[in-house]
Amino acid sequence: MPRAAQKLPVRIGIIGAGAVSDYHHVPGIRLDNRCTLVAACDADPALLEKRKSDWGITKTTTDAAALCADPDVDAVVIATPNFTHREIAIAAANSGKHIMAEKPLGLNAGEVREMYEAARDNQVVHMTAFTYRFAPSMRYMKHLVASGKLGTPRHFRSQRFLDWPETSWGWRQYKDKAGAGDLFDMTIHRIDFAADLMGPIARICGSVARFAPRDRTNDGKPCLPSEVDDWSALIGDFRSGATGVWEGTTLAKGYHLDGFGHEWAEINGSEGSAVYRMHEPNVILLGKTGEDLHPVQVPAEFLKPAGSPRDPSQGKPATVFRYDLMWEFVSAIVEGRDAVPSFYEGLNAQLVADACLDSHARRVWVETPEAAK
């Protein structure tokens, strides 16, 4: 069924007023004259008071259900702890609100499936905040694969290495609040864009590990030790016959890179290789037989989506491409179409991440069929 026409501007409420919203979502809203930020919700009243001046809003609440039911809100952004996503997303969908939610969408694929089905059945736009799909070099890499310029894709390879302190992650280090650690927080992004580039993942074997106890806060106070992984890895087969290797860690000493960390995503095709690096997202590495990988500037048409108001020459390249996430969300609402990536892509990535935990527990390969629509 076609969606009803959306009046402009799209009125957005943010649920979860922390750093991710301040860093990614609010700047994206400010760039787009088709939308406006009208409300915020957070469990911390003091933070909400601060956001009134930071974000120029007057309507705040600590009650997510109330914001979801607010008739003056058209769409919500969910940037709360993982264990809260399911309940909020279902409430928003049942109230007819369009939804963008941070990853992972839930604690497991069962929760994510409920979120997807609620949004689908209520005919609202739904989007998973898989930010790195919007990096210019990733968009260009997708073009190179789809156009055949790399030949037949054979191998996908992903590294995400961060040098984070070994102190407490707060709620993020407990299974009942986060589900998993590096696997759900970082590697799930790479699972998603691998599938976007290479097609569905058919089967994987995976492993996770925890090295840092994280039994102290950053100010030295004791806390319950971490229950989740700080390293994760997968080997996989794509349905196309290509292979994939993923590794992520938060404990790679020396990989600071101005706070962005090391990211390397590579495709080896029958005709050439291409590499995306997050800290230089406007440059791609390309190479063919007989030559070395060499840097190539991403062509202008891939620096941002067509129609995005963002100026690619402004700001830190590794930061500003993230604003296009909001542009896609609002565009899907205004145009009455599905957002990309939707909750469906979030569900398929979650199925693979869950399979990694299953594989590690049972020491076996696990099939990863796509979810039913």
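FYI, it's all coordinate maths here, none of it is from the lab. Model, not experiment: these values are computed from the prediction. When we count neighbours, we look across all protein chains shown, and the Cβ atoms used for this are built from the backbone with ideal geometry, even at glycine.
Some notes on this structure:
- Relative packing of 324-330, 100-106, 61-67, 194-200, which averages over residues the other C-beta atoms within 10 Å, highest first: 100-106, 324-330, 194-200, 61-67
- Cα centroid separation, the stretch 45-68 to the stretch 72-94 (Å): 15 Å
- Full-stretch length increase - ALA202, ILE235 - with 0.36 nm per residue and alpha-carbon distance subtracted: 10.8 nm
- With all projection directions averaged, the alpha carbon convex hull of the stretch 170-319 covers 12.2 nm².
- When all alpha carbon pairs of the stretch 10-131 are counted in 10 Å bins from zero, the resulting P(r) reads 15, 50, 31, 4 %.
- The modelled label-to-label distance for the pair HIS155/LYS175, using points 7 Å beyond Cα in the direction of Cβ, is 3.5 nm.
- Answer label for Rg and Dmax of the Cα atoms in Å (calculated), chosen among [x] 20.2, 62; [y] 25.1, 78; [z] 31.3, 100: [x]
- Highest to lowest packing among 180-187, 107-114, scored as the average C-beta count within 10 Å: 180-187, 107-114
- For ALA89, net neighbour charge (Lys/Arg +1, Asp/Glu -1) across residues whose Cβ lies under 13 Å away: -1
- Pairwise FRET efficiency - TRP164 versus ALA306, Cβ, R0 = 35 Å, nearest 0.05: 0.45
- Over the chain: helical MRE at 222 nm, DSSP H runs n ≥ 4 each giving -39500 (n - 2.57), nearest 500: -8500 deg cm²/dmol
- Full-extension gain in nm, ALA146 to THR217, via 0.36 nm per residue minus C-alpha separation: 20.9 nm
- Legend: residue pairs LYS59/LYS221; LYS7/LYS177; LYS142/LYS175; LYS52/LYS253; LYS149/LYS175; LYS52/LYS103, Cα-Cα distance threshold 32 Å; pairs beyond threshold, LYS59/LYS221; LYS7/LYS177; LYS142/LYS175; LYS52/LYS253; LYS149/LYS175.
- Remark: spin-label model distance LEU224-ASN94 equals 2.8 nm, labels positioned 7 Å along the Cα→Cβ axis.
- Placing a label point 7 Å from the Cα of LEU293 along the Cα-to-Cβ direction, the residues of the stretch 146-178 with a backbone N closer than 14 Å are 155-161.
- Length gained when the stretch THR319-TRP264 is fully extended (0.36 nm per residue, less Cα-Cα span): 18.1 nm
- DSSP bridge analysis restricted to the stretch 80-237 gives an antiparallel fraction near 75%, rounded to the nearest 5.
- A simple count of charges around GLY315, restricted to other residues whose Cβ falls under 14 Å of its Cβ and scoring Lys, Arg +1 and Asp, Glu -1, yields +2.
- ASP358 paired with ALA69, simple spin-label distance in nm, labels 7 Å along Cα-to-beta-carbon: 3.8 nm
- Surrounding net charge for TRP55, when Lys and Arg each add one and Asp and Glu each subtract one, Cβ distance under 15 Å: 0
- Cleavage-rule hits (GluC sites (Glu not before Pro)) in the stretch 245-286: DSSP loop, at most 14 neighbouring Cβ within 10 angstrom: GLU271
- For the stretch 110-133 and the stretch 270-324, distance of Cα centres in Å: 28 Å
- Global geometry of the stretch 29-94, whether rounded, prolate or oblate, following the gyration tensor of its Cα atoms and the 1.5 cut on a/c: oblate
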